[in-house]
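Structure first, then comments.
The values are calculated or read from the model by the stated rules, or taken from the named source; none is laboratory data. None of these values were measured; they are calculated from a predicted model. Cβ: placed from backbone, ideal geometry, glycine included. Neighbour counts: every protein chain shown. Surface areas here come from the heavy atoms of the whole protein model, side chains and all, with no ligands, DNA or RNA. Shrake-Rupley method; radii C 1.70, N 1.55, O 1.52, S 1.80 Å.
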Amino acid sequence: MGLLMIIVVRLQYTPIDFMMHLGDRVIDVGSEWRTFSNDKATKDPSRVGDAQNPLLSNGDLSTMIGKGTGAASFDEFGNSKYQNRRTMSSSDRAMMNAFKEITTMADRINLPRNIVDRTNNLFKQVYEQKSLKGRANDAIASACLYIACRQEGVPRTFKEICAVSRISKKEIGRCFKLILKALETSVDLITTGDFMSRFCSNLCLPKQVQMAATHIARKAVELDLVPGRSPISVAAAAIYMASQASAEKRTQKEIGDIAGVADVTIRQSYRLIYPRAPDLFPSDFKFDTPVDKLPQL
């Protein structure tokens, strides 16, 4: 009998029973509200709003009354009994519109979130300083996006920004200079290497051609063959030379469409580097077309 009692006591305190006993007293630290988003195919009526936006003056901590659907929501004349007061200031509304435009532009050229955040902060600084009065907010937003790209090390050309906005290249350039002066900030100088990888990728060129074009552009700058030329036009000319020497040839127009430069601009830069072509190619480059057979233009 004593042996039987010992076995019973041990069975009452097995680890499984002990864990089940504790499980009954685990505190639920989850949300207290209930969400109905999965119950019906209607909007989620959970009582939580959007995330706080620190870029707005009041943090966007506001309450909006939804449109009434029942008879109790309307008076005898059919007017809604509960109206939203205009709680957002005009400055916040202007910034919200600009933030939406910035997000739309960034999405069109596949820019990451950190670029959008930096652009929003730049726009907020410029808007609050009121140093660019008279300039369109869309133009300021486009220029801020251009600056943010350069500050984050992923520069885009003016034409690329212009293609996703409704502002001319000339106006974006003006706002760019004014913003740098107003915020007393600066951006790193762009180089041919900043664009080479993206241009070659968009042209579907192999890695060997990209490396050769990068080497050609860098040597051309070191030898001072292209003084006063834009890094974008030098990169385009280097890509043209490297592709013409390989089996994957690309025309001036194809390269110009990707780089955003005119055919004549590519030809001008190409003519400057062509006389030193034998010195520009890397030593291990495999020529499909010899240097002396490259187009002279």
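Each peptide in 238-244, 173-179 was scored by the mean count of other Cβ atoms within 10 Å over its residues; highest first, the order is 238-244, 173-179.
Packing, taken as the mean count of other beta carbons within 10 Å per residue, orders the peptides 206-217, 106-117, 158-169 from highest to lowest as 206-217, 158-169, 106-117. Counted residue by residue at 0.36 nm each, then reduced by the alpha carbon distance between them, the extension gain from V154 to K133 reaches 4.7 nm. Computed from the Cβ-Cβ distance with R0 of 41 Å, the FRET efficiency linking D257 to S80 stands at 0.15.
Quickly rank 283-292, 118-127, 225-234 as a protection proxy: mean count of other C-beta atoms within 10 Å, highest first.
118-127, 225-234, 283-292
I need the shape label for region 192-293. Rule: rounded when a/c is under 1.5, else prolate if a/b > b/c, else oblate, with a, b, c from the alpha carbon gyration tensor. Rounded is the answer for region 192-293, as its axis ratio a/c remains below 1.5. For region 90-183, the tally of Lys pairs with Cα-Cα distances below 15 Å comes to 8, considering only residues 8 or more apart or on different chains. Compute the Cα gyration tensor for region 90-183, then decide on rounded, prolate or oblate, letting a ≥ b ≥ c be the square roots of its eigenvalues: rounded whenever a/c is under 1.5, prolate when a/b is larger than b/c in the other cases, and oblate in all that remain. Note, shape of region 90-183 comes out rounded. Taking amide H as placed 1.01 Å from N in the peptide plane, F74 has its amide H under 5 Å from the amide H of K81, each at least 5 places away in sequence or on another chain. Solvent-accessible area of region 192-293 (1.4 angstrom probe, protein heavy atoms only): carbon and sulfur portion equals 50 percent.
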